[in-house]
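Reading through the structure tokens given below for one structure.
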Amino acid sequence: QVQLVESGGGLVQPGGSLRLSCAASGTIFSIHHMGWYRKAPGKQRELVARIPTGGSPNYADSVKDRFTISRDNAKNTVYLQMNSLKPEDTAVYYCNVVGWGYDSWGQGTQVTVSS
């Protein structure tokens, strides 16, 4: 079983930055990809960014050129650097790790962009 612990959410003004982290622990075996999703009130959960093992990351159009996903394979940790934040980025952000025999989710971390 793989457990995910997220950190780094909070309140930030428009134009500001935040960095989310997600550390995976447990029986981690052959990670396929690591990613971030978000869910805003009244909206469906959407993919924000995903980075496959050995591949290039992909991003939602709404965050391209503002957000950067990265991972530290030695630490089984994935990061999401969020710059130029907008009020419409306000949501609960969830980490997701998919590997051989598992599809794990974090508990979610709130990101609020407001002046």
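The values are calculated or read from the model by the stated rules, or taken from the named source; none is laboratory data. Computed from a predicted model, the values in this text were never measured in an experiment. A quick note on method: Cβ atoms are made from the backbone with ideal geometry, for glycine too, and the neighbour counts reach across all protein chains shown. The accessibility values were calculated without ligands, DNA or RNA, using every heavy atom of the protein model including side chains. Shrake-Rupley method; radii C 1.70, N 1.55, O 1.52, S 1.80 Å.
The condition (being assigned to a loop (DSSP other than H, G, I, E, B) and either touching a helix residue (DSSP H, G or I) at 6+ places or on another chain (Cβ under 7 Å) or not hydroxyl-bearing (Ser, Thr, Tyr) (or both)) is satisfied by just one residue among GLN81, GLN44: GLN44. Applying the criterion of being open to solvent by 80 Å² or more (accessible area, probe 1.4 Å) and hydrophobic (A, V, I, L, M, F, W, C) to the residues of segment 6-46, the residue that is nearest to VAL113 (Cα to Cα) is LEU11. Would you be able to say whether some residue in segment 91-105 is more than 11 Å from the chain's Cα centre (by Cα) and without any contact (Cβ under 8 Å) to a residue 24 or more places away in the chain? Yes, segment 91-105 contains a residue that is more than 11 Å from the chain's Cα centre (by Cα) and without any contact (Cβ under 8 Å) to a residue 24 or more places away in the chain.
Condition check: over 14 Å from the mean Cα position of the chain (by Cα), open to solvent by 20 Å² or more (accessible area, probe 1.4 Å) and under 24 Å from VAL113 (Cα atoms). Does SER70 satisfy that? The answer is no for SER70.
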